[in-house]
Amino acid sequence: MATAILIGLCLTLGAGVAAQWVAWRFKLPAIVILFCLGLAFGPGLGVLHPSESLGWLFRPLVSSLVAIIVFEGGLLLDFRQLQKAGDGVKRLIFLALPLSWGLGWAAAYEVGKMDWEVAALFGAIITVTGPTVVLPLLRLNKLSTRVAAFLRWEAIINDPIGAILAAVVLQIVVAPVPIGTQGFLRLTLPDLLASSALSVAAGILPAYGVRALFVRDLMPETLKTPLLLTLALLIFALCTTFMEGAGLIGATVFGMALTNLHVPGMAQLRRVKEALVSLVVAVLFILMTADLQRDVLTRLSFSIVALMLTVLFVVRPVAILLSTIRSDLTWQERLFVAWIAPRGIVAAAVAGAAGLRIADSGYSSADVIMPAIFAIIGGTMIFHGFSLRPLARVLGLTLSNEPVLMLVGASPWVSNLAATVHREKLPVLLVDYRSTALMPAARNGVPTLRAEVLSPFGQEALEERPGDYLIAATPDAIYNGLICAHLAPDMGRQRVFQISPGVSRMDFHHGLSRDARGRLMGEPSWNYSLFETLYKKNWRFRCFIVDEALLPSIGVNTERLDLFYVKKGVSITIYSTEDGPKLKPGTGDLLFSFVPQNILSAEEILDPPSTSEEMRGGSGAQDEGASS
């Protein structure tokens, strides 16, 4: 038995990691692959039988994994961000969420033939559109800024709120006294309110204690993440003893409290937790889907499919269209948001925990809720995931499919590079905190963002206007390294570059650590001073269309500096000596080089006025905003 459990655990972990790698490599929703693996291992091949193999440990294990996931979801909600959200976003939260719950409740009762109590829980769970699903879709499909912001905010805010709503409904549904009776009003309802209040307090008070420990340097860095995860599990277990479902409230509120108390160091700790949560998600999804019974799936297949289609084509569209009447959203935006609502990890996690508990309460339709929720997840992933880009194109809500080059630091020579890329109708984003530095590029039509990249505002702005490749080109080499190190986990370490900090600082042992900076753009001698000096000598950037005659000179012509080439619609390859070989573009690719002005044609001379300000580009945080 012990060997079988060990093999099952290793199989689950290995398959989960492999599934998420395949999803990343081929740009597919990981949750769908995990869902299919679970069905294959469980009802399909009969390899995994989690509840039978683990016995009484199965439910505590699932509950603990759910607690970690809802805790991590709570960490994403900062109330300051909600205050900055527009009218459309607030309508999606405060009007669409209760409408979705009510309509989902009715659909589950009428179409899914569930008990009304189970239907109420189903309706609460499907209100969650998690950021772990929505944000990757937004990065994969470049949508217009406002639509991306709507979907992003809805997912981030609905994630913890929907989990809390589902937890409250679960407490009511599993109450031993029927709703509407005198016993419920005199005994159960006060207990429900008291347990909910205690759960909120149990989530908030430890957060203050954590903040005190971190601020006063009473907790070593190596123990911070274990402490937070342990507290989340303890809060979940403690609150569950008050009332079933209260643990979800406590764990979610704990995460929300940590974020809104602005505990120092949470950004770094969040990276560690994200890696851990990816493993938790893999294990949880495979275990829960593998534990589904084949006869249940077969017997309930028609009603589940009908309910899924009703949620997709009726519940979500009606809720959004009603809640956005007379809002500032265009009809195209209303229609798009009404269709796109993929459910993900938190919905599945809550369904897993609630499904196990509600089955013990004797409801005849209790075995429907987990397959139904998983069908909603799979259906929304497939329908929404594959229709998002075509629908956005039809409605005119997409940006270019070309990879986006982000340049940080709007010095004259960087602005010239941005203008050259923009002139070739390739997407580029020039970022700096100084409006005066951005003005020359903006006058040439270059998209710009006025923000401090390392500020919360800058992070939010870049999530809504994401770049695919980064070149940090400010005069401050250390600051360039900070930007690269900060954005590398999201963009990928192989896609963040900075100009050389100087030959002396590139020493492997005594120079800047590779983990503390980006990849080197060009050669070690190509530092900021070189580009600035050559620019003053009338060197400018030029785009060449690569042909057979040009190929032999790429990377060896001393009269130009070849920086990168673009394979349209596919990728940007930036030259770096850290990769060894020179640039190897193909014919028809676009090569961007820094060349003397005497070999430029008149229309290729883009010379934005220089600014007298020599401060580093992209630093500082005063008077932040955006321009384009």
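The values are calculated or read from the model by the stated rules, or taken from the named source; none is laboratory data. Just so you know, these numbers come straight off a predicted model, no measurement behind them. No Cβ is skipped: glycine too gets one built from the backbone with ideal geometry, and neighbour counts run over all protein chains shown. Accessible surface areas use protein heavy atoms only, side chains included; no ligands, DNA or RNA. Shrake-Rupley method; radii C 1.70, N 1.55, O 1.52, S 1.80 Å.
Anything in the stretch 478-498 that is in contact with a helix residue (DSSP H, G or I) (Cβ under 7 Å, 6 or more places away or on another chain), among the aliphatic types (A, V, I, L, M) and open to solvent by less than 10 Å² (accessible area, probe 1.4 Å)? List them, or say none.
496
Might you check whether a residue that is over 16 Å from residue 521 (Cβ atoms), free of Cβ contacts under 8 Å to residues at least 12 places away in the same chain and either part of a helix (DSSP H, G or I) or open to solvent by 20 Å² or more (accessible area, probe 1.4 Å) (or both) occurs anywhere in the stretch 443-453?
No; the residues of the stretch 443-453 include none that is over 16 Å from residue 521 (Cβ atoms), free of Cβ contacts under 8 Å to residues at least 12 places away in the same chain and either part of a helix (DSSP H, G or I) or open to solvent by 20 Å² or more (accessible area, probe 1.4 Å) (or both).
Tell me which of these residue 357 doesn't satisfy, since it passes every other one: (1) of a type in the set (Lys, Arg); (2) at pLDDT 85 or above; (3) touching a Lys or Arg at 6+ places or on another chain (Cβ under 9 Å).
That leaves (2) as the condition not met.
Can you list residue pairs whose Cβ atoms sit under 7 Å apart, with the first residue in the stretch 352-364 being of a type in the set (D, E, K, R) and the second being part of a loop (DSSP other than H, G, I, E, B) and at pLDDT 70 or above? Count only pairs 6 or more apart in sequence or on different chains.
Hits for this filter: 357/174.
Residue 419: buried (at least 22 other Cβ atoms within 10 Å of the Cβ) and closer than 26 Å to residue 544 by Cβ, yes or no?
Yes, satisfied.
If we keep just the residues of the stretch 507-532 that are in contact with an Asp or Glu (Cβ under 9 Å, 6 or more places away or on another chain) and open to solvent by less than 60 Å² (accessible area, probe 1.4 Å), which is modelled with the highest pLDDT?
Among those residues, the one meeting the criterion is 528.
Considering only residues of the stretch 395-406 that are closer than 17 Å to residue 329 by Cα and not hydroxyl-bearing (Ser, Thr, Tyr), which is modelled with the highest pLDDT?
395
Out of all the residues in the stretch 233-247, which are within 10 Å of residue 203 (Cα to Cα), open to solvent by less than 20 Å² (accessible area, probe 1.4 Å) and modelled with pLDDT under 90?
Within the stretch 233-247, 239, 247 meet the criteria.
Yes/no matrix, rows are residues, columns are (1) open to solvent by 40 Å² or more (accessible area, probe 1.4 Å); (2) under 25 Å from residue 354 (Cβ atoms):
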{"position": "6", "(1), (2)": "yes, no"}
{"position": "9", "(1), (2)": "yes, yes"}
{"position": "16", "(1), (2)": "no, yes"}
{"position": "28", "(1), (2)": "yes, no"}
{"position": "34", "(1), (2)": "no, yes"}
{"position": "39", "(1), (2)": "yes, yes"}
{"position": "56", "(1), (2)": "yes, yes"}
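Restricting to the stretch 273-299, and then to whatever is open to solvent by 50 Å² or more (accessible area, probe 1.4 Å) and charged (D, E, K, R), can you tell me which residue is modelled with the lowest pLDDT?
Checked the stretch 273-299; the qualifying residue modelled with the lowest pLDDT is 299.
I need a count of the residues in the stretch 100-134 that are surrounded by 19 or more Cβ atoms within 10 Å (Cβ to Cβ) and in a helix (DSSP H, G or I).
21
Consider residue 627 carefully, then state whether it is modelled with pLDDT under 75 and open to solvent by 30 Å² or more (accessible area, probe 1.4 Å).
Answer is yes for this residue.
Can you go through 407, 335, 430 and tell me which one is surrounded by fewer than 20 Cβ atoms within 10 Å (Cβ to Cβ), aliphatic (A, V, I, L, M) and either within 25 Å of the chain's Cα centre (by Cα) or under 30 Å from residue 478 (Cα atoms) (or both)?
Checking each option against the conditions leaves just 335.
List, please: which pairs have Cβ atoms under 8 Å, are six or more places apart or on different chains, and start with a residue in the stretch 557-571 that is at pLDDT below 90 and assigned to a loop (DSSP other than H, G, I, E, B) and end with one that is acidic (Asp, Glu) and open to solvent by 20 Å² or more (accessible area, probe 1.4 Å)?
Here the result reads 568/402; 569/402, each pair linking the stretch 557-571 to a residue that is acidic (Asp, Glu) and open to solvent by 20 Å² or more (accessible area, probe 1.4 Å).
For the stretch 193-204, what are the residues that are open to solvent by 40 Å² or more (accessible area, probe 1.4 Å) and within 28 Å of the chain's Cα centre (by Cα)?
Passing the criteria: 200, 204.
State yes or no: is residue 548 of a type in the set (Asp, Glu) and either at pLDDT 90 or above or part of a helix (DSSP H, G or I) (or both)?
no
Against the condition open to solvent by less than 30 Å² (accessible area, probe 1.4 Å) and over 38 Å from the mean Cα position of the chain (by Cα), how does residue 561 come out, does it pass?
In short, no.
Mind listing whichever residues of the stretch 483-499 are at pLDDT 90 or above and either assigned to a loop (DSSP other than H, G, I, E, B) or more than 21 Å from the chain's Cα centre (by Cα) (or both)?
Scanning the stretch 483-499 gives 497, 498, 499.
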